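Student: First the structure, which I've put down as structure tokens, then a few questions once you've had a look.
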Amino acid sequence: MSADPKLKARLGIALIGVALAVLPFAVGATFGNSWVRIVDFALLYVMLALGLNIVVGFAGLLDLGYIAFYAVGAYLYALLSSPHLATAFPALFAVAPGWPVWAVLPLGALVAGLFGVMLGAPTLKLRGDYLAIVTLGFGEIIRIFLNNLNAPANITNGPQGINNIAAAQIGGHALNRPLELFGVMVPGVHLQYYFFLALTLLVVFVCVRLQDSRLGRAWVAIREDEVAARACGINTRNVKLLAFGLGATFGGVAGGLFAGFQGFVSPESFGLLESVMVLCMVVLGGMGHIPGVILGAVLLALLPEALRWGAVPVQQSLFGKVLIDPESLRLLLFGIALVVVMRWRPAGLWPSALRKRELAAHGEAA
Amino acid sequence: MDILIQQIINGLVLGSIYALVALGYTMVYGILGLINFAHGEVVMIGALSALTAIGLLVPSGLPGPVVVLAGLLIAIPVCMAVGFTIERIAYRPLRNAPRLAPLITAIGVSIVLQQLAMMGWGRNYHTFPALLSVTAHKVGGAAITDLQIIIVLTAALLMAALVWLVTRTRLGRAMRASAENPAVARLMGVDVDRVISFTFVLGSGLAAVAGVMVAANYSIAHYAMGFMLGLKAFTAAVLGGIGNLGGAMLGGLLLGIIESLAAGYIGDLTGGFLGSHYKDVFAFFVLILVLVFRPSGLMGEKVAERA
Amino acid sequence: MTPITSSRPLTALVALSACLLAACGQKDDAAAPAAADAAATVTIRLGHVAPLTGPQAHLGKDNENGARLAIDDLNAEKLLIGGKVAKFELLGEDDQADPRQGTTVAQKLADAHVNAVIGHLNSGTTIPASRIYHDAGIVQVSPSATNPTYTRQGYKTAFRVFADDVQQGSVLGGFAVTKLGAKKIAIIDDRTAYGQGLADEFDKAAKAAGATIVTREYTTDKETDFAAILTKVKSTRPDLVFYGGMDTQAGPMARQLRTLNIGAPMLFGDGACTVEFHKLAGEGADGHYCSLPGVPLDQMAGGSAFRDRYKAKYNADIQLYAPYAYDAVRVVAEAMKQAGSVDTAKFLPALAALNYPGLTAQIQFDEKGDIRDGAITLYQAKGGAWSALETLGGKAPN
């Protein structure tokens, strides 16, 4: 209490920084590398959720097809870093394209952003749930094209997916191979973690800056009252398109990282349920509130995995035997968690102070 | 020519099923402004509970149609109970919550129902016993079965009954009033909570009918069958103008016919470049086109943005 | 476990998983020295991965049941590996047929240092997971993934006890044209990696044998209504309709084919060669054809006994790949027995050189890890069951 609040804040940031830095080693040593892998995926989901948060949380536009941008980023990375194009079009590609990651990721962001604007343009007039179904349709259209563009020209290799995607290389070292640093073997999943973490922090930074910018305030204005926003001189069309475009870029980056991490992409990874999952992260965490969204993404990425590990031992210790098989229980509890959290914290687990106030006022009025 | 007639019949049958499911979506949406994502799962529960009942009744040796009817009569109250419970437990506490909260709850409910069904009915696909006549009648070179005729007629009949209920009865007036403005409706003596409960119960009853028809027509039922069906029906409801009963019917039939014609002719129309695998793309494309020109669907009223 | 509602859910979650995992870890640590002390037993842990939730859960559970039956048999036989009594354990995992979950689970099994992995069910999860198993030096035997790519990545650890799409597609194409005399063939597939892969190989083989493909139509693995595409198929008047996909679509499709008065028979790959197909197709089942890698179960030693034991234990019919999952476990155990070791480095060469009379076929692997000269049997639906027509290729069972 007596301590200087600034100092406290700095100390807090330093502590979080140290915690994030040692996290993979701590997790890897206690729980095994599969948990580091799960944490890696959680970081990807944080990026996705923050991207969707721009569209849904800041600008208030319900998007059920967000995963399409993730798919665009992933397939772009896959095409530019795998032998697929060289096999499919030997006349055009004498050697397999092997673009460096620092070129592919920005390109993926750009292309995904363009797709975002493409989706935004015809939907500007739509509101609420009509927008939801159109974005859902857009997501499905992208997935169907990815699934079927193996003929007449084999662009995406159809349902078979694209294999042998090279992992991201930094300083000549492929991130899926272990690296010896100061006599310590750092496994590939750890390296991926640091790479993902750096990009996640960048995304967080961009989000925070956007939120406090003119554009950020314009989004909130549109979310609260579009007509009034237009009356205040906000170019609602451009501002909405920017929300779709910028939100999509994050998805594109995360998609590229996913492709390099997995080494394999196929259309089944980009179904509607993934879009729904990311939306759940945003809403459950606290729409429009960056720390809340991060919390939501981390929680929902970890919860099913924790249940996968915990379902059997917990039942055994409680009842002495396995009553419900762990797979059913895992999804069942996940569903119940969604219902329960929304029941008791309808604004999300960690909503922004502003939204909390609004909700309280709304509740009194009703 | 008979191929075209056949495709339109195919579309009508499929569309009637979509329409029946879409009615449930649109009723709930009309009154609460909520996309009840769990509606497809209620359809699935209807199909599976009817199937269980039918499985128990088949050895009794009763005639096929009687058995199916009995199964239906058991599925309807089961679904109504499920719908009532969902509304009470999951949706009612969220009446004043931010707009997206009930959507997430609906997704949660959908997952829970699916898992419970998987635990109850198992992972295997269930077969609907051949109790109804599937002999095909010839209509100008095209084939249609008795069952398919029953499906189209039932959908039309239920639709007409619903319109009558909503426009001509006291209850219907209460429903419309609650949809228009719950606070004022309450002041006028409408028990809004009861009206909403009733809407869910009615919508779930329709879902049971739809579930039995789907299972009978395709002779298959499975715990994961509700999702795709729900999605298609939701699309149909939006196409017609969500919240509007006539719109749900029109949207359902249109979507069925569009899919059918797209699957049949998209290859010829694009010179073989696109095939029947793009039928959903085509359907969504039509949806987007319709919404660009009529942002609230074909029959939706022009409404101001909800607060 | 209670759903998380506290204001600090992350803390609760982490604490919970921490205590759970610590508990698991201790158990493992305790088990290892005990095994060493006893000296007479050796514990072999096999991972098994398949979708246990989602639309393919019934097949996933079937695979796991098959593998479990093998584990039970092996433990009852008290197999000796390097002079010690082998005790087999199965770690059953769910990948939901999702590639991301597939790699997560693969990493989990790699961390657990399992001795080998049986799975996965789908090619879409098997391929990305195979990289992780290869890097961790774990042998993987898939009982059902049919995509040729799986064994063509140069991984010595990847095996399969099932014919791939190329093998099966070419047999089916030849059978359609030469034996069934089909000249005009319509092809439908479900746009999954399996259905599309098989349909493309069939397409090639049928054309090579001189048939014309009159139309190619598509559906999905979630669809139940095929009236529109079948009407299109009808307009092309084919002699035969090939469908690449699973029984859950093939059954209703066969039924709707009859409703639409299409007289042409259908031909399916292994995905529809199931007991379930007859239930789903009802009266529309008779006269259609399908193929299944291996020799008919009833012709193999212990085949019909396996069917009965499966039924007795799980109170259900074999869905599809359970016998192959059984074989996958058995070949791994046999290789360990011959090598006298449960270390990958020791038993991998033994597995690669194995010649083992399995339940489904005489199993020998080629240099890629695919089954050598895999036999493929063709069946026709008659009176509610598949009756074997002929077995092509492969060696006669010993």
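The values are calculated or read from the model by the stated rules, or taken from the named source; none is laboratory data. In this text the structure is predicted, and so the values were computed from the model without any measurement. Cβ placement follows ideal geometry from the backbone for every residue including glycine, while neighbour counts extend to all protein chains displayed.
Student: Filter region B:108-151 down to residues that are in a loop (DSSP other than H, G, I, E, B) and farther than 26 Å from C:Ala50 by Cβ, then give me how many there are.
Tutor: Counting residues in region B:108-151 that are in a loop (DSSP other than H, G, I, E, B) and farther than 26 Å from C:Ala50 by Cβ gives 10.
Student: In this structure, does B:Phe273 turn out to be assigned to a loop (DSSP other than H, G, I, E, B), among the hydrophobic types (A, V, I, L, M, F, W, C) and either within 8 Å of another protein chain (Cβ to nearest Cβ) or surrounded by fewer than 24 Cβ atoms within 10 Å (Cβ to Cβ) (or both)?
Tutor: Judged against the criteria, B:Phe273 is a match.
Student: Here is a further query. Here are some conditions: (1) in a loop (DSSP other than H, G, I, E, B); (2) assigned by TED's automatic domain parsing to the domain that holds C:Leu351; (3) at pLDDT 95 or above. C:Gln153 meets all but one. Which one does it not meet?
Tutor: Only one criterion in (1) in a loop (DSSP other than H, G, I, E, B); (2) assigned by TED's automatic domain parsing to the domain that holds C:Leu351; (3) at pLDDT 95 or above is unmet by C:Gln153, namely (3).
Student: Considering only region C:280-298, state which residues are assigned to a helix (DSSP H, G or I) and within 20 Å of the chain's Cα centre (by Cα).
Tutor: Within region C:280-298, C:Leu297, C:Asp298 qualify.
Results for (1) closer than 13 Å to C:Val329 by Cα; (2) modelled with pLDDT under 90; (3) within 14 Å of chain A (Cβ to nearest Cβ); (4) in a helix (DSSP H, G or I), shown as yes or no for each residue.
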position: C:Leu46; (1), (2), (3), (4): yes, no, no, no
position: C:Thr53; (1), (2), (3), (4): no, yes, yes, no
position: C:Leu69; (1), (2), (3), (4): yes, no, no, yes
position: C:Ala106; (1), (2), (3), (4): no, no, yes, yes
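Student: Kindly indicate whether C:Ile132 is assigned to a strand (DSSP E or B), outside the structural domain of C:Gln196 (by TED's automatic domain parsing) and not polar (S, T, N, Q).
Tutor: no
Student: Just checking, which of B:Thr105, B:Thr154 is within 13 Å of another protein chain (Cβ to nearest Cβ) and part of a helix (DSSP H, G or I)?
Tutor: The conditions single out B:Thr105.
Student: Just name the residue that is nearest to the other protein chains (Cβ to nearest Cβ) out of those in region C:156-173 that are buried (at least 23 other Cβ atoms within 10 Å of the Cβ) and assigned to a helix (DSSP H, G or I).
Tutor: C:Asp165
Student: Tell me the residue from A:Gly288, A:Gly245 that is more than 14 Å from chain C (Cβ to nearest Cβ) and outside any helix (DSSP H, G or I), please.
Tutor: Being more than 14 Å from chain C (Cβ to nearest Cβ) and outside any helix (DSSP H, G or I) holds for just one of A:Gly288, A:Gly245, which is A:Gly288.
Student: Applying the selection to region C:71-104, what residues are assigned to a strand (DSSP E or B), crowded, with 19+ Cβ neighbours inside 10 Å and either free of Cβ contacts under 8 Å to residues at least 40 places away in the same chain or out of contact with any His (no Cβ under 9 Å at 6 or more places or on another chain) (or both)?
Tutor: The answer is C:Ile81, C:Ala86, C:Phe88, C:Asp94.
Student: Given region A:153-240, what helices (runs of 4 or more DSSP H) lie entirely inside it while holding 2 or more residues that are within 14 Å of chain C (Cβ to nearest Cβ)?
Tutor: A:188-211
Yes/no per residue for (1) crowded, with 24+ Cβ neighbours inside 10 Å; (2) among the polar types (S, T, N, Q); (3) in contact (Cβ under 8 Å) with a residue 24 or more places away in the chain:
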| residue | (1), (2), (3) |
| --- | --- |
| B:Asp2 | no, no, yes |
| B:Leu14 | yes, no, yes |
| B:Ala19 | yes, no, yes |
| B:Thr26 | yes, yes, yes |
| B:Val43 | yes, no, yes |
| B:Ser49 | yes, yes, yes |
| B:Val58 | no, no, yes |
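Student: Hey, another quick one. Checking the condition in contact (Cβ under 8 Å) with a residue 12 or more places away in the chain and either more than 9 Å from every other protein chain (Cβ to nearest Cβ) or farther than 25 Å from C:Lys382 by Cβ (or both), which residue from C:Asp247, C:Asp239 passes?
Tutor: C:Asp239
Student: Another question, then. If the requirement is being assigned to a helix (DSSP H, G or I), within 10 Å of chain C (Cβ to nearest Cβ) and at pLDDT below 95, which of these qualifies: A:Ile13, A:Ile38?
Tutor: A:Ile38
Student: Just for region B:83-94: of the residues that are touching a residue at least 40 places away in the same chain (Cβ under 8 Å) and surrounded by fewer than 21 Cβ atoms within 10 Å (Cβ to Cβ), which one is nearest to the other protein chains (Cβ to nearest Cβ)?
Tutor: Taking the candidates together, the pick is B:Arg92.
Student: Which one of the conditions (1) at pLDDT 50 or above; (2) out of contact with any Pro (no Cβ under 6 Å at 6 or more places or on another chain); (3) buried (at least 17 other Cβ atoms within 10 Å of the Cβ); (4) part of a loop (DSSP other than H, G, I, E, B) does C:Ile4 fail to meet, given that it meets all the rest?
Tutor: (1) is the only condition that C:Ile4 fails.
Student: Would you be able to tell me the number of residues in region A:311-327 that are more than 22 Å from B:Met118 (Cα to Cα) and touching a Lys or Arg at 6+ places or on another chain (Cβ under 7 Å)?
Tutor: 0
Student: Looking for something touching a residue at least 24 places away in the same chain (Cβ under 8 Å), touching a His at 6+ places or on another chain (Cβ under 6 Å) and farther than 30 Å from B:Arg173 by Cβ - is there at least one such residue anywhere in region B:67-82?
Tutor: Within region B:67-82 (the criterion being touching a residue at least 24 places away in the same chain (Cβ under 8 Å), touching a His at 6+ places or on another chain (Cβ under 6 Å) and farther than 30 Å from B:Arg173 by Cβ), the answer is no, since none of the residues qualifies.
Student: If you don't mind, there's one more thing I want to ask. Return a yes/no flag: does region C:358-365 have any residue that is in a helix (DSSP H, G or I), buried (at least 18 other Cβ atoms within 10 Å of the Cβ), touching a Gly at 6+ places or on another chain (Cβ under 6 Å) and hydroxyl-bearing (Ser, Thr, Tyr).
Tutor: For region C:358-365, residues in a helix (DSSP H, G or I), buried (at least 18 other Cβ atoms within 10 Å of the Cβ), touching a Gly at 6+ places or on another chain (Cβ under 6 Å) and hydroxyl-bearing (Ser, Thr, Tyr): absent.
Student: Okay, next question. Please work out which one of (1) more than 7 Å from every other protein chain (Cβ to nearest Cβ); (2) in contact (Cβ under 8 Å) with a residue 24 or more places away in the chain is the condition B:Leu287 fails and give its number.
Tutor: (1)
Student: Look through B:Ala90, B:Ala70 and report the one residue that is in contact with a Leu (Cβ under 6 Å, 6 or more places away or on another chain) and on the phi < 0 side of the Ramachandran plot.
Tutor: Answer to the check: B:Ala70.
Student: Moving to a separate point now. In region C:246-267, how many are touching an Asp or Glu at 6+ places or on another chain (Cβ under 8 Å) and within 18 Å of C:Ile213 (Cα to Cα)?
Tutor: Final tally of qualifying residues: 1.
Student: Here's something else I'd like to know. Just one of C:Asn147, C:Asn115 is buried (at least 24 other Cβ atoms within 10 Å of the Cβ) and either under 21 Å from C:Ala335 (Cα atoms) or within 13 Å of chain A (Cβ to nearest Cβ) (or both); which is it?
Tutor: C:Asn147
Student: Consider region C:316-362. How many of its residues are closer than 20 Å to C:His113 by Cα and within 14 Å of another protein chain (Cβ to nearest Cβ)?
Tutor: Here the count works out to 0.
Student: Any chance region B:171-185 includes a residue that's in contact with a Ser or Thr (Cβ under 8 Å, 6 or more places away or on another chain), more than 14 Å from chain A (Cβ to nearest Cβ) and acidic (Asp, Glu)?
Tutor: No; the residues of region B:171-185 include none that is in contact with a Ser or Thr (Cβ under 8 Å, 6 or more places away or on another chain), more than 14 Å from chain A (Cβ to nearest Cβ) and acidic (Asp, Glu).
Student: State whether one or more residues within region C:119-132 are touching a residue at least 12 places away in the same chain (Cβ under 8 Å), among the basic types (Lys, Arg), buried (at least 24 other Cβ atoms within 10 Å of the Cβ) and at the interface with another protein chain (Cβ under 8 Å from one of its Cβ atoms).
Tutor: No, region C:119-132 contains no residue that is touching a residue at least 12 places away in the same chain (Cβ under 8 Å), among the basic types (Lys, Arg), buried (at least 24 other Cβ atoms within 10 Å of the Cβ) and at the interface with another protein chain (Cβ under 8 Å from one of its Cβ atoms).
Student: If C:Ala228 meets every condition in (1) crowded, with 24+ Cβ neighbours inside 10 Å; (2) part of a helix (DSSP H, G or I); (3) not assigned by TED's automatic domain parsing to the domain that holds C:Asp190 apart from one, which number is that one?
Tutor: (3)
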